[in-house]
Every structure is written in C-alpha cells, then in structure tokens.
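Only the coordinates and a few stated rules stand behind these numbers; no lab work does. The model shown is predicted, which means the values in this text are computed figures rather than measured ones. Glycine also receives a Cβ, built like all others from the backbone with ideal geometry; neighbour counts cover every protein chain displayed.
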Amino acid sequence: MYQLRFIAFYLSLLITTEMMSQAFPSPMENVPFATTFGQDANPQWGDDDNSQVYFVAIPKDWKDAVYIRVFDGDIGGANDEMMGGGFNTSCHYSIYGGNDAYSNKEARKVDPVPGYKSGVLLAEKKIAVDANFDDQWALLATLVPNEGEWSNELNAYVFKIICDGMSGDDANLYKYFVSSSGTENVPIQGVNPFAYELCFRLNQNTS
Ligand SMILES: [Ca+2]
Ligand SMILES: [Ca+2]
Ligand SMILES: [Ca+2]
C-alpha cells in the first residue's frame, strides 16, 4: 500500500523554461533528483519512456575542459527506489556532441524516437549497483567544449546527456553538475542546462 502511494508521485513534466543553474535538476525548482526507471518498471508509475535527455550549452568563451559530474549515478544503496524486493536495474549514461546532437528535431521530442541519440557519442557509462557512485558526486565524463554542436541561436556549444534505464524495475534517482573541476562542483559562468521533459518524484512525504 505504501509503495503504491509512493510511486504514484512520480511525474513526467514538460519543461519549457531554462533551468538557469549548473546543477540539474535545478535546486531552484525544488526538484532534488531526476528519476529514470528500468525498462521492466510499470510505466504507470510515472516514467513513460525510461529515458532522460538533458542538453548543456557551454558559452563559446569557455575553452577549458568541462566536467560532467553525477550525484548518485548508481541504482542501489541510498537515494534510489527499490522495487520488487531487490535492486536489479542498470542505467546507461551517454553524452553526445558534434553535428546533429542538438539540432536534430528528434532529439528534442518529449518521447524518445529513433534519432534521439543523434550526434557523435563522446562518452558512455553503464552503472548498476556501484558503491563508487552511491550517495556521492562522481565524474561521469570530461568534455572538450568545441566537441559540442555549435549553435548560433544559443551562441554556445551544446552537448546532449542521456540516461537510459536498461533492464530492471527500480527507479534511479540522480542529478548532474557541469563543473570546471573534475573533483568538486565549481560553476562555469554562463553554462545553461535545459531539458524538454523531466521525470521526478514530487514529494516523498505525502501521507
Ligand atoms: Ca544510490
Ligand atoms: Ca528491483
Ligand atoms: Ca541513483
């Protein structure tokens, strides 16, 4: 009973505003974690596509390396939502740049369609239960700004970060930070993460 009530509070929300923060989801929006379920989870729990797409725009003046860090990138231990009596879920993180990573219309649709992984694959990591990623910040990828797709509209290089739920029925809760350091969260002036859909848990304490 508790579990049913609990999981009913995951929502996939359409996002039209930029988040204006280098942590994403943005703490200013009072969304502490993004949520991505494994593919064996019931879609009625709130995640209809088992995939979360973010874009990150890096201002053209920033020439140094950019570090994508993830908090609680694993699916196990703290923060995550166990279903079915044990953690059995893995997630595949992938980061894309180059032509088409952002400009491809399919990549900006709310639901993943063939083509949402457009662009050049720059980094990927598959994580399941992993103490090195549990309840702490960890480095996911190191990026060279001009490997992103150049956008005249944004006056920035744009990267695409995807978290796909793979097999399993649990919920991965996690968040990202775009940092100028690989070992701590140091904001970069002008960096702008944004998304077109976000699945997150509304409120844990509803009863
Ligand atoms: Ca965890
Ligand atoms: Ca499970
Ligand atoms: Ca997690």
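Some observations on this one:
- Assigned charges on the beta-carbon of Lys, Arg, Asp, Glu; the stretch 2-194 dipole about Cα centre (debye): 420 debye
- Distance between modelled label sites at Ser181 and Leu202, nm, 7 Å Cα→Cβ extension: 3.8 nm
- Once the Cα gyration tensor of the stretch 2-194 is diagonalised, semi-axes √(5λ) in Å: 27, 18, 15
- In a reduced charge model with +1 at each Lys and Arg Cβ and -1 at each Asp and Glu Cβ, the stretch 21-81 shows a dipole moment near 420 debye about its Cα centre.
- Among Arg201, Arg108, Arg69, the order by Cβ neighbours within 10 angstrom, fewest to most, reads Arg108, Arg201, Arg69.
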